[in-house]
Amino acid sequence: MFMGILNFLNRYIGIPFLSYIYLAFVVYLGWYIINKIIVEFRYTLIENDLIFEKQIGNNPKRVLTINLKDVKMIAPVKSHKHIKDNAKKIFKLTPSPRSQKAYFGIFKHDGVESKFIFEPTDQMVKLLKRQIPNKVEN
């Protein structure tokens, strides 16, 4: 079926099969560049709210706002404590969730246990530890 469609497109429109492979590669490469290289994440702590913004170019977009009362724990990803959680939704708020500097957090979001992964600075970890000392691990 798929080959029949490609043969039809090649015969009547004049687009060869390799063009589709090339097009798919270019689309994937564009997606990779945008999501892994150009995207920046900003983390802001304002009073009791932890705010996550995703910025592509000059357009910041608020992705998630978490009240610190809803946070169960925050720990480094390398601690492997996140493997045992029952999170129904995962927010990946870093270009590299497997980074050595990445942290994860468990929180309630719309009544459901969820997880966020982010890469805070040392200063942000200290601020979080000051705000919710019994819930942040190093």
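The values are calculated or read from the model by the stated rules, or taken from the named source; none is laboratory data. Model, not experiment: these values are computed from the prediction. Here Cβ is always computed from backbone atoms with ideal geometry, including for glycine, and neighbour counts include all displayed protein chains.
For the range 105-126, give me the residue count where each residue is of a type outside the set (Lys, Arg) and surrounded by 16 or more Cβ atoms within 10 Å (Cβ to Cβ). Step through it out loud before you land on a result.
Going residue by residue through the range 105-126, those that are of a type outside the set (Lys, Arg) are 105-107, 109-114, 116-125.
Pick out the ones that are also surrounded by 16 or more Cβ atoms within 10 Å (Cβ to Cβ) and you get 105-107, 109, 114, 116-120, 124-125.
Total meeting the criteria: 12.
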Kindly list, by first and then second residue, each pair from a residue in the range 99-120 that is under 13 Å from Lys69 (Cα atoms) to a residue that is in a strand (DSSP E or B) and among the polar types (S, T, N, Q), limited to pairs with Cβ atoms under 7 Å and residues at least 6 apart or on different chains. Phe107/Ser114
Looking at the structure I just gave you, is Leu45 closer than 19 Å to Glu137 by Cβ, surrounded by fewer than 18 Cβ atoms within 10 Å (Cβ to Cβ) and out of contact with any Lys or Arg (no Cβ under 7 Å at 6 or more places or on another chain)? yes
Cβ-Cβ under 6 Å pairs, at least 6 apart or on other chains, the range 63-82 side farther than 10 Å from Ile132 by Cβ, far side of a type in the set (Phe, Trp, Tyr) and in a strand (DSSP E or B): Val63/Phe52; Leu64/Phe52; Leu64/Phe91; Ile66/Phe107; Asp70/Phe107; Pro76/Tyr103; Val77/Phe104; His82/Phe104
Scan the strands (runs of 3 or more DSSP E) fully inside the range 78-138 and keep the ones with 3 or more residues being among the β-branched types (Val, Ile, Thr), under 13 Å from the mean Cα position of the chain (by Cα) and modelled with pLDDT under 90. none
On the basis of being within 29 Å of Val136 (Cβ to Cβ), modelled with pLDDT of 80 or more and not in a loop (DSSP other than H, G, I, E, B), does Lys36 make the cut? no
Looking only at the range 94-104, which residues are surrounded by fewer than 13 Cβ atoms within 10 Å (Cβ to Cβ) and either among the hydrophobic types (A, V, I, L, M, F, W, C) or in contact with an Asp or Glu (Cβ under 8 Å, 6 or more places away or on another chain) (or both)? Ser96
Could you go through the range 72-90 and let me know if any residue there is touching a Phe, Trp or Tyr at 6+ places or on another chain (Cβ under 7 Å) and among the polar types (S, T, N, Q). no
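Considering Val63, Val71, which residue is surrounded by 13 or more Cβ atoms within 10 Å (Cβ to Cβ), over 30 Å from Trp31 (Cα atoms) and touching a Leu at 6+ places or on another chain (Cβ under 9 Å)?
On the way: Val63 fails: over 30 Å from Trp31 (Cα atoms).
Every option except Val71 fails the conditions.
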